[in-house]
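Here is the structure we will look at.
Readers should treat all values here as calculations from the given coordinates under stated rules, not as data from a laboratory. What you see is a predicted model, and the numbers here were worked out from it, not measured in a lab. Counting neighbours? That spans all protein chains shown, and the Cβs are built from the backbone with ideal geometry, glycine included.
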Amino acid sequence: MQKKSIKNSQTNNIPVALTIAGSDPSSGAGVQADLKTYWYHNVYGLSVITAITVQNTTGVKEVFALPAHLIASQLDFIFSDISVHSVKIGMVFSKDTAKEVSFVLKRHNVKNIVLDPIILSTSGNYLIKKDEIKDIVDYLFPISYIITPNAIEALELTGIHIKDEKDVNQVLSRLKELGPQNILLKGGHLPGKLNGIDFFYNGLEVQKFYPEKIINSKKPIHGTGCILSSAISANLAKGKDIYMSIKDAKSFITKIIDKKICLGKGSYLWI
């Protein structure tokens, strides 16, 4: 894909986005995928790694969380030097990290926070301490401009199995009570006729984002959630409103799904 050049920031006010997430050595998800997404969107990407994973195309084998104080120090030092226009938060893993990240972002008055509440990997491994989920939610949801859970994550957070649109509305209301300004419930794991429809809720009304095409894939496509949330973050960094940020991010995902590649035994998106 062709990439436009970015000129000097002192004369062009380059949009800057930061990802706070885990490292995926296979580069299909996590910080690596976020940075590629920022690059594609002509946004300068910064990164703070929360955890190192032992991971390949088949799944996650181990997770090693970095010390929370080190993550906070990186963030503070970045914000002391660089103007950041949006932040994407991915894998947090522990309440200690969530606490430090929350405190730093509030201290620096960061507004455009996109939280992808990663709980389970595509292969079904927990990427968060199960007994600390509530604490992580309490620290991060209230500071989030938008959260982007899928149906599996929504079940973990609300206890509601989604069977129909009435359940969707109940889930959205329950998630809103946890503090985020906006919610995008992703439809990739929704049942039946709801499958593929994303539901956006701002506390006043629910809007639907229908898929631009039906995606038929025999294998789960690794990293789609990470890439969607970082694409939203990139669009917010460029000054787009939340609706257009989501709409353009979904179009981007559809475009690159056509270019998905098989590495090892898994399916990855080509950025």
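Among the trypsin sites (Lys or Arg not before Pro) within region 234-271, those in coil by DSSP and having at most 11 neighbouring Cβ atoms inside 10 Å are LYS259, LYS265. Net length available on complete extension from LYS193 to LYS240 is 13.9 nm, with 0.36 nm assigned per residue and the Cα-Cα distance removed.
Under the convention that each Lys and Arg Cβ holds +1 and each Asp and Glu Cβ holds -1, the size of the dipole of region 13-268 around its Cα centre is about 660 debye.
In terms of packing, defined here as the mean over residues of other Cβ atoms within 10 angstrom, the peptides 177-187, 143-153, 128-138 line up highest first as 143-153, 177-187, 128-138.
Label-to-label distance, ARG174 versus ASP131, with points set 7 angstrom from Cα along the beta-carbon direction: 2.3 nm. For region 87-161 versus region 28-77, the inter-centroid distance based on Cα atoms is 14 Å.
Counting Cα-Cα pairs of region 13-268 in 5 Å increments starting at 0 gives whole-percent bin shares of 1, 6, 15, 19, 21, 18, 13, 5, 1, 0.
What does the charge count around ILE49 come to, taking other residues whose C-beta lies under 12 Å from its C-beta (Lys +1, Arg +1, Asp -1, Glu -1)? Here the count lands on -2. Computed over region 1-120, the P(r) curve from all C-alpha pair distances, binned at 5 Å from the origin, holds 2, 11, 21, 23, 19, 13, 7, 3, 0, 0 percent per bin. Against the empirical curve 2.2 N^0.38 Å, the C-alpha radius of gyration of region 102-211 lands at a ratio of 1.05. Other residues with beta-carbon under 13 Å from the beta-carbon of GLY90 carry, at +1 per Lys or Arg and -1 per Asp or Glu, a net charge of -3. Only bridges with both residues in the chain count here: give the DSSP antiparallel percent, nearest 5. Close to 45 percent.
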